[in-house]
Amino acid sequence: MKRKWHGLGILTLSGMMAAGCSLSGEAASKTVTLSENVKLESALDESHLLITHEATIPIEIPSDYTGFKGNQLYFNQHNATYLYDVESKDEKKVMEAPFYLLSENEQRALSHVNEKFYVHDLQNGTKKFVGEGTEEWSTFFGDSKGSTVIQVKNTSEGFTVEKTVLETEQKFSWDIDELFDSNGMAINTFQSSEEGIYIAGNSLKEGYGLYHLLDNGEVKQVSSLEGISSMGSFQFLDEQTIIFNEEYNGKTGIYTLNLSTGNVTQLVAGGKDKEGIWVPFYKLSPDKSKILFDTPVQVGKEYKTNVYVAEFVEGQLSKPTLLMQNADLYAVISMTGYWSDDSSTAYISTTAPGNDTIDAIEVYSIQSEK
């Protein structure tokens, strides 16, 4: 599958998989956003969205999407981490080290200093050592709260995954080579659970599927992922439903999978043109009631992005609403989009062509009215 956007790589044992996509068609090159209140009725009569484009905020500090948290921007400067408030334009130092990665909820940050990884609590200023390694090893937060850290180690001695529970400082480890065919496995998309980690891979015993590796050493197959050849990332909508963007039965798109029944529902279709197959990406709201999603468009020789919003109604998406047309996003919407904690405001960062820092942030009020 081809992609034309930056920041799309899924780290695998064979290297970074970065590709591009396109969507043929003629379009004007101007970015278009909603500029006034619009009450939108979905395809399902009982669903309504009230959407307001609140602001376009120019950004003058050197921050890219890795430090983008809606109305807060984190950036590295003078070997430290700084926080910039988009609305007040106040700037302050928050960490005496450059950040390597931020948790989704902004509570914690990872730093990488002298081949060592530390977790910094941005609320109380404390830090904890979590492990050694180079940046080639995949080290990341296992959940949105930053309560666990997952470190994937691929060395001459083998392929292991280690989970650190920050509150208790307990560590749990799995020898992946003993359990899975690790060739081509996506290794920076593992997810923590209270009992272990979730992983999509080709089990040596049961074949390809979604597995729950428990802290006590047990391995349980959650789904056989029938019709799905690979799964780079996914999220739980509830205990029995996951959302993912991939290829299912030869068709790309955003899907939900019921883990109890095995039923797959397509929410958003992907596509294919003369340059290859493209996959839409999404950003799920914290309350799991809405998503932003993107589709690529070709404008002349350049590639732009259309951004939509839709809400879940009885397991389906309401009629999608176009928020931005022909927008310049440096990466896919899962990285360049952000939701407020209460899921009522969406932020989308844009980048001037040829640059890798944020040029402006679009702010939308998006609320359900039922």
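The values are calculated or read from the model by the stated rules, or taken from the named source; none is laboratory data. All of these numbers come straight from a predicted model, not from anything done at the bench. Accessible surface areas use protein heavy atoms only, side chains included; no ligands, DNA or RNA. Shrake-Rupley method; radii C 1.70, N 1.55, O 1.52, S 1.80 Å.
Quick one: Cα centre-to-centre distance for region 44-98 and region 191-256, in angstrom?
Between the Cα centres of region 44-98 and region 191-256 lies a distance of 32 Å.
Counting residues in region 123-217 as N, plug N into 2.2 N^0.38 Å and put the Cα Rg over that result. Mind dumping the intermediate values first?
Numbers: Rg = 13.4 Å, N = 95, 2.2 N^0.38 = 12.4 Å.
In units of the 2.2 N^0.38 Å rule of thumb, it is 1.08.
Quick one: length gained pulling Glu167 to Leu50 fully straight, 0.36 nm per residue minus the C-alpha distance? Intermediate values should be presented prior to the final figure.
On the way: separation 117, 0.36 × 117 = 42.12 nm, distance 3.99 nm.
Stretched fully, the Glu167-Leu50 segment lengthens by 38.1 nm.
Relative contact order for the chain: what percent, with Cα pairs under 8 Å and sequence separation of 6 or more? Can you show the working numbers first?
Working: 903 pairs, mean separation 73.1, N = 370.
Worked out over the chain, it gives 20 percent.
In the chain, carbon and sulfur make up what percent of the accessible area (probe 1.4 Å)? All intermediate terms of the calculation are to be shown ahead of the outcome.
Working: 7760 of 17650 Å².
Here it works out to 44 percent.
Using helices alone, I'd like the mean residue ellipticity at 222 nm for the chain: each DSSP H run of four-plus residues gives -39500 (n - 2.57), total over residue count, nearest 500.
Details: 2 runs with 8 residues, N = 370.
After summing the helix terms and dividing by residue count, I get -500 deg cm²/dmol.
Counting alpha carbon pairs within less than 8 Å and at least 6 residues apart, what relative contact order, in whole percent, applies to region 68-222? Kindly include the intermediate steps, with their values, before the conclusion.
Values: 315 pairs, mean separation 16.3, N = 155.
Once normalised by length, the contact order is 11 percent.
Can you pull the Rg over Rh of region 48-171, Cα-only, Kirkwood? All intermediate terms of the calculation are to be shown ahead of the outcome.
Numbers: Rg = 16.6 Å, Rh = 15.9 Å.
Radius of gyration over Kirkwood radius for region 48-171 works out to 1.04.
Per residue, how much accessible area does the chain show when a 1.4 Å probe rolls over the protein heavy atoms, in square angstrom?
Values: 17650 Å² over 370 residues.
The answer is 48 Å² per residue.
Which entry in [x] 25.3, 84; [y] 20.5, 59; [z] 21.7, 63 is this structure's computed Rg and Dmax of the Cα atoms in Å?
Checked against the structure: label [y].
Please give the solvent-accessible surface of Phe236 in Å², to the nearest 10, using a probe radius of 1.4 Å with every protein chain present.
40 Å²
Run the numbers for Gln240 and Asn183: contour at 0.36 nm per residue of separation, minus the present Cα-Cα distance, in nm. Let's see the in-between values first.
Details: separation 57, 0.36 × 57 = 20.52 nm, distance 2.83 nm.
Between Gln240 and Asn183, full extension yields 17.7 nm more.
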